[in-house]
Each structure stands twice: as C-alpha cells, then as structure tokens.
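Scroll down for the structure; my scribbles are underneath it.
The values are calculated or read from the model by the stated rules, or taken from the named source; none is laboratory data. Just so you know, these numbers come straight off a predicted model, no measurement behind them. Using ideal geometry, Cβ is built from the backbone for each residue, glycine included, and neighbour counts are taken over all protein chains shown. For the accessible areas, the whole protein counts, side chains as well, though only heavy atoms, and no ligand, DNA or RNA atoms are used. Shrake-Rupley method; radii C 1.70, N 1.55, O 1.52, S 1.80 Å.
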Amino acid sequence: MFRSRSKEDSAAEPPAEQSHVRDPQAPKGRPTPKRSEAEALRRAVVKPATNRKEAARRAKEARKTALSKQREALLSGDERHLPARDRGPLRRFTRDFVDAKWHVAEFFLPIAVLILVLSMMPSLQLRNIALLLWLAVILMIVADSVLLTRRLKKQLRARFPDESLRGTSAYALMRTMQMRRMRLPKPQIKRGEVPR
C-alpha cells in the first residue's frame with residue numbers, strides 16, 4: 001500500500017525477462033560461428049567508428065563479406081544468403097522446374113552464332129536457310145515458353161495455393177534463356193528429376 005510504483009514495476013519485470021532466457025540444455029537453433037567470424041564481429045561491435053574514414057572502411061568490409069556470402073550461396077544454393085529475388089520455396093520450385101527439362105531457349109546463343117555464320121556466306125541458298133532457321137528457332141522458343149509457363153503455373157497453384165504467383169513466369173523464362181552451366185543459382189537437380 002505504501003510502496004512506490006517503481007518498486008512494483010521492477011518486481012513485475014524479471015519474470016518477463018526470464019521468459020526470453022534460453023534453457024542451457026536446449027539446442028540454440030543456429031550453427032556456431034567460426035572463430036574468425038566471431039572475433040571480427042566482436043571487434044566491430046566493441047569499438048564504434050571514430051571518424052568517417054573508419055566508418056566507410058567498415059561499411060566496405062561488411063559489403064564485401066555480404067557479397068562473398070551471396071556469391072557462395074549462388075554457387076551452392078544456400079537459401080539464407082541468396083539475393084531477395086531468388087529466395088523462398090516458390091522461387092526454388094520454379095528453378096527446379098526449369099532445370100529438370102530441356103528448353104529451346106537455352107541453346108539460343110549457339111544457334112544464333114550458327115545463323116550468323118550462315119548468313120555471312122556468299123551462297124544465296126545458305127542465306128535463305130539461315131533466315132528460315134532464324135524464324136524456326138524463334139517460333140520454337142515462343143511455343144516452348146508458352147507451354148512452360150502454363151505447366152509451371154498449374155504446378156505452382158497445386159503446390160502453393162495461397163501464395164501470389166506474381167513474377168514466377170518471368171523468372172522461369174529468364175532462367176531458360178541461360179545455358180545450364182551459366183545459371184545462377186546453380187541447378188540443384190539433374191534433368192529428368194522431379195522438382196522438390
């Protein structure tokens with residue numbers, strides 16, 4: 001009755017703090033950082049930047065480490081460090097769906113070089129063949145792209161009924177236009193496998 005309010009408030013606070021404390025026997029839910037990473041983090045946290053040069057140097061180092069982690073993630077497929085456009089189960093399924101099959105668009109570059117060589121030949125017949133080949137390749141790419149987007153959207157609606165499919169078709173089509181070896185993130189499944 002005669003106690004001050006601050007004592008009542010401080011008496012009520014410790015149970016709230018204790019709810020956030022982790023049991024020492026429970027798993028922590030994250031991997032243990034490497035010693036070099038922990039030391040670098042500790043050094044960065046302990047001393048704030050004293051001048052603009054130091055702050056810029058630290059920002060540059062942080063950007064460099066983030067970019068290197070992102071590059072490793074693009075090569076290995078690690079979801080945690082992928083760029084925002086490639087992250088999430090929807091995008092992963094789209095990548096796997098594209099990587100599981102052959103597509104005409106991935107051979108566009110070699111075919112375009114062949115057509116260019118044929119069109120530079122002195123023979124009129126070879127130039128006409130190059131023109132017809134160019135038209136056939138474009139029609140095949142368009143047909144393959146239409147079929148791909150239809151099949152992909154059907155699979156995505158079945159697998160992810162509550163998610164927005166916005167941007168997945170363009171993402172898939174851009175991936176088909178890259179040769180398989182050049183795709184980033186690297187393909188995680190072989191051709192013919194079922195997408196995960």
Pairs where the first residue, in segment 167-196, is among the aliphatic types (A, V, I, L, M) and the second is open to solvent by 70 Å² or more (accessible area, probe 1.4 Å) and not in a loop (DSSP other than H, G, I, E, B), C-beta under 7 Å, 6+ apart: Met177/Phe108; Met179/Leu109
Condition met for Ile141 (farther than 25 Å from Gly192 by Cα, in contact with a Phe, Trp or Tyr (Cβ under 7 Å, 6 or more places away or on another chain) and either of a type in the set (A, V, I, L, M) or open to solvent by less than 70 Å² (accessible area, probe 1.4 Å) (or both)): no
Yes/no for Pro27 being open to solvent by 90 Å² or more (accessible area, probe 1.4 Å), over 30 Å from Gln188 (Cα atoms) and assigned to a loop (DSSP other than H, G, I, E, B): no
Filter result for Arg85 (open to solvent by 80 Å² or more (accessible area, probe 1.4 Å) and over 25 Å from Ser164 (Cβ atoms)): no
Test for Arg71: is it without any contact (Cβ under 8 Å) to a residue 60 or more places away in the chain and farther than 30 Å from Leu165 by Cα: no
Any chance Leu135 is at pLDDT 95 or above, out of contact with any strand residue (DSSP E or B) (no Cβ under 6 Å at 6 or more places or on another chain) and open to solvent by 50 Å² or more (accessible area, probe 1.4 Å): yes
Residue count for segment 42-80, restricted to those that are touching a helix residue (DSSP H, G or I) at 6+ places or on another chain (Cβ under 6 Å) and either open to solvent by 100 Å² or more (accessible area, probe 1.4 Å) or closer than 29 Å to Ile189 by Cβ (or both): 3
Tabulated pairs, segment 115-137, first of a type in the set (Ser, Thr, Tyr), second part of a helix (DSSP H, G or I), C-beta under 6 angstrom, 6+ apart or interchain: Ser119/Arg127; Ser119/Ala130
Among (1) open to solvent by less than 60 Å² (accessible area, probe 1.4 Å); (2) over 15 Å from the mean Cα position of the chain (by Cα); (3) of a type in the set (Val, Ile, Thr), the one test that Val98 misses: (2)
